[in-house]
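The values are calculated or read from the model by the stated rules, or taken from the named source; none is laboratory data. Predicted, not measured: the structure shown is a model, and the values here were computed from it. Cβ: placed from backbone, ideal geometry, glycine included. Neighbour counts: every protein chain shown. Note: areas computed on protein heavy atoms with side chains; ligands, DNA, RNA excluded. Shrake-Rupley method; radii C 1.70, N 1.55, O 1.52, S 1.80 Å.
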Amino acid sequence: MKQVVQNYKSGELTLLDVPAPGCKPGGVLVRSAFSLISTGTEMMKVSEAGMSMLGKARSRPDQVAKVVQSVATNGVPATYRKVMGKLDSYTPLGYSLCGVVEQVGAGIDDVKVGDLVACAGNEHALHAELNWVPKNLYVPVPDGVAPRHAAFGTVGSIALQGVRQGESRLGEVALVIGLGLIGQLVVQLLNASGVRVVGVDPDPARCELAERLGAAACGDPGSASVESAVAELTGGMGVDQVYLAAGGSSNQPVELAARLCRDRGRVIDIGKCRLDLPWNAYYEKELDVRFSRSYGPGRYDPEYELQGRDYPIGYVRWTERRNLACFLDLIARGSVDVEPLVSHVADFEDAVETYRRLEEGELKAVAVLFRYASADDAPAVEAPEVTVPEVPRPAGRTAPARRSGPVRLAFVGAGNYASSMLLPHLTGRDGVELSTVVTTTALSAANARRKFGFGKATTDLDAVLGDPAVDAVFVVTRHSSHAELTRRALLAGKAVFVEKPLALTEEELAGVLAAVEESGNDRIQVGFNRRFAPLLREAREVFGARTGPASLRYLVNAGRLDHGSWYLRQDTEGSRFAGEGGHFVDTASWLLDADPVSVYAAAPAGNEDLQIVLGYPDGSTATISYVTSGPSSFPKETLDLVADGKVLRLDDFTRAAVYDGRRRQWVGSRLPKARDKGQNAELAAFVKAVRTGGPMPVPLESLAATTTATLAVRTALASGVPVTLAGAR
């Protein structure tokens with residue numbers, strides 16, 4: 001088999017043919033599917049190997065001390081032979097992987113051949129095609145967790161053990177110094193624990209990533225913004241805990257920790273940075289300095305790691321193995337998302353070249369995975385596929401005639417949304433006549449007629465659809481009726497404005513498109529108004545055209561529903577996200593100028609929050625966090641688009657800015673504007689299209705793709721794996 005090894009004396013790194021390990025009692029033989037390169041620990045080891053002997057000595061004073069002691073005990077010649085023999089040997093790399101159990105040793109009864117497991121240990125979870133792993137260093141991978149994500153288990157356990165050492169409590173504020181792989185995971189774990197986080201790193205891209213993953217604010221260690229963020233979040237008292245996840249020889253991290261930590265706060269060292277503690281600063285605040293030892297209790301204990309002797313849970317709650325299982329469970333429940341950390345996936349055969357690119361800085365990465373040939377054989381849920389329906393193009397269809405008089409509109413439904421968000425923009429508009437309102441009860445129809453000035457009020461839908469004087473029909477009823485009413489209006493030859501959603505099932509969407517084909521009428525618009533919001537459109541123009549893939553984060557703080565809301569009637573009205581999620585999918589697709597080609601979704605256990613990741617043809621991704629458990633005091637919608645070294649930031653349609661390098665350009669004004677989500681501009685575009693006979697504001701292909709992607713969230717949740725949108729443009 002092949003294994004990545006390095007000669008610490010010469011620095012040579014190679015993919016070596018070595019004998020396959022046997023399957024010993026008390027463990028399992030695992031065929032690797034994915035293994036993770038620790039871009040911190042491993043690359044430090046690789047870099048040290050390339051140094052001169054003097055450089056190696058300077059970088060490892062602990063080992064020099066051992067050599068000096070050996071000289072005193074054994075003499076120079078014996079010590080020299082021992083040291084040179086150790087240096088001039090191949091040593092392995094790697095300590096975090098996921099693979100398939102190929103053979104089970106005696107005494108193992110918790111897994112079987114073919115099971116997917118996550119493995120830990122710098123002697124047992126190596127970058128190698130096969131590894132023998134003792135019982136306490138592997139755990140079964142939960143259903144729905146992808147093998148590439150399970151490969152993060154060990155580094156996740158390191159971050160988790162650090163957070164446990166910090167004894168974080170709900171409502172506290174933490175500072176994370178160093179936003180590499182471990183730091184990014186610490187940010188997410190703290191955020192999942194109800195701790196607000198400020199991140200510090202000199203790399204702006206890592207700061208942006210941490211903010212997308214939950215940090216309240218991030219910045220350069222020397223910037224005033226970090227101190228101001230800490231002061232704002234803590235009322236000037238300082239953070240409760242500081243996590244040192246940085247490396248290097250600078251003493252800046254421990255000095256910054258002392259300055260920003262509160263009185264009797266906690267400082268936890270997870271990384272390997274210089275610890276020349278400024279005595280006065282730490283003494284005056286009586287800071288509690290703690291170390292986090294790798295993956296947790298059991299580490300470096302041969303009886304635990306090699307002989308499989310567990311610690312009683314009543315005495316040691318979180319052992320090495322329990323931390324590993326806990327981290328995978330957090331991934332499974334969507335509390336931690338490791339996919340945004342994956343910068344590169346390389347075939348195992350390209351291991352040496354991958355290390356070279358990392359060491360020389362050619363490959364900038366937070367996390368890099370090796371993919372093994374056996375990854376194709378790893379057990380996984382079959383990836384479902386949903387077909388985006390082909391939009392019919394009626395043959396021989398002529399464009400609608402231009403209207404000389406007012407556009408005559410009929411409303412089917414006049415409930416709260418129509419009355420508050422649509423009709424006020426149409427009442428009194430030049431070139432618009434509110435012809436007829438249709439409701440299910442006579443009194444509601446009469447009220448709408450009186451309030452908005454409709455010419456007629458009725459409960460007879462057929463009469464309206466058959467009225468040649470009506471140019472366009474607005475469908476603003478409950479979600480379960482949208483598709484059928486739209487279908488009937490299209491068959492009647494009317495232009496249709498239907499509020500979201502267009503359909504609640506794939507069958508309903510197919511019925512609407514069949515009506516388009518049958519009638520030759522494709523004059524339809526869905527109420528996806530965000531893309532028409534003036535502030536967002538201006539921000540998109542300031543951001544400019546993209547040249548590379550983008551990463552988009554859309555946080556929707558939807559809030560809890562009132563008791564009795566018809567949104568709760570999922571058996572008839574569909575899920576809440578199916579009802580309004582199209583808004584956010586459409587906005588992301590409009591900003592990325594493409595339709596999604598894949599959908600992945602996860603929901604934490606015990607609530608209705610959703611994490612949705614959309615993939616796009618050029619490699620761009622959009623993450624929609626649709627949360628119902630957030631406070632009402634927080635803005636409903638915030639959005640960040642990152643690409644080409646720039647960031648577009650939108651705050652709840654009241655303020656927007658574009659960041660380019662170190663420059664921030666406010667869109668419009670720095671002061672918040674009145675919230676405008678685009679309904680007025682959307683209605684103006686629809687009325688113009690009906691009046692002139694020009695194209696509808698949003699292509700029908702886009703409406704169908706957005707609806708399909710929204711509905712595919714349900715399939716992705718059920719399968720636990722990404723859904724491919726076949727036929728997407």
Task: Alpha-carbon Rg with Dmax, taken over region 395-489, Å - done: 13.5, 44
Open item on the list: What are the extents of the Cα atoms of region 660-702 along their three principal axes, in Å, largest first?
Closed with: 45, 24, 15
TODO: Return the long-range amide H neighbours of C218 (sequence gap of 5 or more, or a different chain), with a cut-off of under 5 Å between placed amide H atoms.
DONE: G199
Open item on the list: Could you report the accessible area of F528 in Å², rounded to 10, computed with a 1.4 Å probe on the protein chains as they sit in the structure?
Closed with: 10
Open item on the list: Give me the extension gain from E608 to S669: residue separation times 0.36 nm, minus the current Cα-Cα distance, reported in nm with one decimal.
Closed with: 18.4 nm
TODO: Using θ = phi - 60° and the Karplus relation 6.51 cos²θ - 1.76 cosθ + 1.60, list the HN-Hα couplings for region 533-538 in order, rounded to whole Hz, with x at every Gly or Pro.
DONE: 4, x, 5, 5, 5, 5
TODO: Round to the nearest 10 and report in Å² the accessible area of H344, as given by a 1.4 Å probe over the protein chains' heavy atoms.
DONE: 50
Open item on the list: Tell me the Kirkwood radius of region 102-144: reciprocal of the mean inverse pair distance over distinct alpha-carbon atoms, in Å.
Closed with: 11.1
Task: the chain: equivalent-ellipsoid semi-axes (sqrt of 5 x gyration tensor eigenvalues, Cα, Å) - done: 57, 28, 22
- [ ] Taking the Cα centre of region 573-706 as origin, work out the dipole magnitude from +1 charges on Lys and Arg Cβ and -1 charges on Asp and Glu Cβ, in debye rounded to 20.
- [x] 740
- [ ] List the pair-distance distribution P(r) of region 291-354, using every Cα-Cα distance, as the percent of pairs falling in each 5 Å bin from 0 up to the bin containing the longest distance, rounded to whole percents.
- [x] 4, 14, 16, 16, 14, 15, 15, 5, 2, 0
Task: Angle in degrees between helix 442-452 and the longest Cα principal axis of the chain, rounded to the nearest 10 - done: 90
Open item on the list: Quick check: the distance between the Cα centres of region 297-339 and region 172-220, to the nearest angstrom?
Closed with: 23
Open item on the list: So if I average 1/r over every pair of distinct C-alpha atoms in region 620-695 and take the inverse, what Kirkwood radius in Å does that give?
Closed with: 15.2
Open item on the list: With the crude spin-label approximation of a point 7 Å out along Cα→Cβ, what separation in nm comes out for T459 versus Q307?
Closed with: 8.3
Open item on the list: Quick check: the angle from helix 576-592's long axis to the longest principal axis of the chain, C-alpha only, nearest 10 degrees?
Closed with: 80
- [ ] Estimate the FRET efficiency between L275 and Q69 by the formula 1/(1 + (r/R0)^6), using the beta-carbon distance for r and 22 Å for R0, to the nearest 0.05.
- [x] 0.45
Task: Label point distance in nm, N7-T692, each placed 7 Å from Cα along Cα→Cβ - done: 7.3
Open item on the list: Report the gain in length on full extension from S250 to D143: 0.36 nm times residue separation, minus Cα-Cα distance, nm rounded to one decimal.
Closed with: 34.2 nm
Open item on the list: Out of the GluC sites (Glu not before Pro) in region 207-301, which ones are loop residues according to DSSP with at most 13 other C-beta atoms within 10 Å?
Closed with: E286
TODO: Figure the gain on full extension for H344 and A718 (residue separation times 0.36 nm, minus the Cα-Cα span) and round it to one decimal in nm.
DONE: 131.9 nm
Open item on the list: Please compute one quarter of the surface area of the Cα convex hull for region 83-225 and express it in square nanometres.
Closed with: 12.5
TODO: Please list, in chain and number order, the residues 5+ apart from F653 or on another chain whose amide H is under 5 Å from its amide H, with Hs placed from the backbone.
DONE: none
TODO: Throw me the Rg/Rh for region 589-729, computed over C-alpha atoms with Kirkwood Rh, two decimals.
DONE: 1.00
- [ ] With N set to the residue count of region 193-247, report its C-alpha Rg divided by 2.2 N^0.38 Å to two decimal places.
- [x] 1.07
- [ ] Can you check what the Kirkwood hydrodynamic radius comes to for region 231-318, Cα pairs only, in Å to one decimal?
- [x] 14.9
Open item on the list: Bin width 10 Å, origin at 0, all Cα-Cα pairs of region 584-625: what percent of pairs per bin?
Closed with: 30, 49, 18, 3
TODO: Hey, can you grab everything whose amide H is under 5 Å from the amide H of E608? Only 5+ residues off in sequence or another chain; H modelled, so Pro and N-termini drop out.
DONE: T628
Task: Size of electric dipole in the chain: Cβ of Lys, Arg +1 and of Asp, Glu -1, about Cα centre, debye, nearest 20 - done: 1640
TODO: Kindly write out, for region 686-701 in residue order, the coupling ³J(HN,Hα) from the Karplus curve 6.51 cos²θ - 1.76 cosθ + 1.60 (θ = phi - 60°), rounded to whole Hz, with x marking Gly and Pro.
DONE: 5, 4, 4, 4, 5, 5, 8, x, x, x, 5, x, 10, x, 4, 4
Task: Stokes-Einstein D for region 428-542, Kirkwood Rh over Cα pairs, 37 °C, 0.692 mPa s (µm²/s) - done: 212
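Please tell me which of these pairs span more than 29 angstrom C-alpha to C-alpha: K456/K500; K364/K646; K285/K646; K500/K646? Walk me through the numbers on the way to the answer.
On the way: K456/K500 25 Å; K364/K646 17 Å; K285/K646 40 Å; K500/K646 32 Å.
Violating the 29 Å limit, Cα to Cα: K285/K646; K500/K646.
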- [ ] Treating cross-link reach as a plain straight distance, find the aspartates and glutamates whose alpha-carbon is under 14 Å from the alpha-carbon of K9, omitting any fewer than eight places away in the same chain.
- [x] E48, D88
Task: For the chain, calculated [θ]222 nm from helices alone, where every DSSP H run of n ≥ 4 adds -39500 (n - 2.57) - done: -10000 deg cm²/dmol
Task: Peptides 584-595, 694-705, 116-127 ordered by average Cβ neighbours within 10 Å, highest first - done: 116-127, 584-595, 694-705
Task: Whole-Hz couplings from phi, Karplus 6.51/-1.76/1.60, listed for region 309-316; x for Gly and Pro - done: 8, 7, 8, x, 5, x, 9, 10
